[in-house]
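In what follows, a single structure is set out as structure tokens and then discussed.
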Amino acid sequence: MSCADTIFIQMCEGILTHGTSTEGEKVRPKWEDGTPAYTIKQFGVVNRYDLSKEFPALTLRRTAIKTCVDELLWIWQKKSNNIHELNSHIWDEWADEEGSIGKAYGYQLGIKHLYKEGLMDQVDRVIYDLKNHPYSRRIMTNLYVHQDLHEMNLYPCAYSMTFNVTKQPDSDVLRLNAILNQRSQDVLMANNWNVCQYAVLVHMLAQVCGMQAGELVHVIADAHIYDRHIPLVKELISRETYPAPKFWLNPDVHDFYKFTKEDVRLDGYVAGPQIEHIPIAV
């Protein structure tokens, strides 16, 4: 069993056992048939992954690593808000007729701000500080910009990253650690997808900044399981598990803007079958 499996199973059991239900309350999401999509949820879930020991991919079912990396690079590298620049259809229902999701996600990361060192966007600022001021306590990004929320087709769920560098004991090796803050998460659909994405991001940034990946801390304000997902989750967490796969990142890439999804691989990845036809609440 991988550490990611253990964390996921414990999180789901905690939500199902100790969570609170929104049934009967006024909720925004709806199922395709128009009925309210209620959840059982838990507040303030915090999961920790030591990336120096293991890559946090679930083995209960397979996480499509190249597809989730493609979305990650669409946001963080291309800084795009147009689905025509994304090689999957996961954002289609939130895009307008021109393919835009509004002033969300990559759009916010791509806005340039004036610093004393010059004009930089949020990603460039992170890389600059990691290389030049690694012990700064101000290395972070933020996508939840209130003045632009009315022009976002979907409010950001995973909305901020805070980076922190530590030195390994008895060594000069620097470890890049990060906190991912998420206001809301559909646990069945998105949990390991987001975890794998931001684990890859930490590995990429660590490599281009001459560091090693350290710890990823995932903070979820509202971790929820939709009512129609409950039997699917119960079946999923009862499955057989396997050892964690080995993570490979192309060691020849040292420019963040040169990475592609082909520079990432999970070797020896054995996982259970996918869950087919998961209902989606919108």
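The values are calculated or read from the model by the stated rules, or taken from the named source; none is laboratory data. Nothing here was measured: the structure is a model prediction, and the numbers come from that model. As a convention, Cβ positions derive from the backbone with ideal geometry for all residues, glycine included, and neighbour counts pool all protein chains shown. Side chains included, ligands, DNA and RNA excluded: accessible areas come from the protein's heavy atoms. Shrake-Rupley method; radii C 1.70, N 1.55, O 1.52, S 1.80 Å.
The table that follows gives values for the structure above.
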| quantity | calculated |
| --- | --- |
| Hey, LEU180 modelled with pLDDT under 95, at negative phi, under 18 Å from the mean Cα position of the chain (by Cα) and open to solvent by less than 50 Å² (accessible area, probe 1.4 Å) or not | no |
| Selection count where residues are of a type outside the set (Phe, Trp, Tyr), closer than 24 Å to ILE127 by Cα and buried (at least 16 other Cβ atoms within 10 Å of the Cβ), scope the range 41-52 | 1 |
| Test for ASP222: is it among the acidic types (Asp, Glu), closer than 23 Å to ALA158 by Cβ and either within 18 Å of the chain's Cα centre (by Cα) or modelled with pLDDT of 95 or more (or both) | yes |
| Where VAL217 falls short, out of the listed (1) within 24 Å of ALA178 (Cα to Cα); (2) of a type outside the set (Ser, Thr, Tyr); (3) in a loop (DSSP other than H, G, I, E, B) | (3) |
| Matching residues in the range 29-40 - criterion: being exposed (fewer than 15 other Cβ atoms within 10 Å of the Cβ), in a loop (DSSP other than H, G, I, E, B) and in contact with a Pro (Cβ under 9 Å, 6 or more places away or on another chain) | GLU32 |
| Selection count where residues are open to solvent by 30 Å² or more (accessible area, probe 1.4 Å) and in contact with a Phe, Trp or Tyr (Cβ under 6 Å, 6 or more places away or on another chain), scope the range 124-177 | 4 |
| Selection within the range 53-104 - in contact with a strand residue (DSSP E or B) (Cβ under 9 Å, 6 or more places away or on another chain), open to solvent by less than 20 Å² (accessible area, probe 1.4 Å) and of a type in the set (Ser, Thr, Tyr) | THR63 |
| Unique residue being open to solvent by 60 Å² or more (accessible area, probe 1.4 Å), over 16 Å from ALA190 (Cα atoms) and either touching a residue at least 60 places away in the same chain (Cβ under 8 Å) or of a type outside the set (Asp, Glu) (or both) when the list is VAL270, VAL253 | VAL270 |
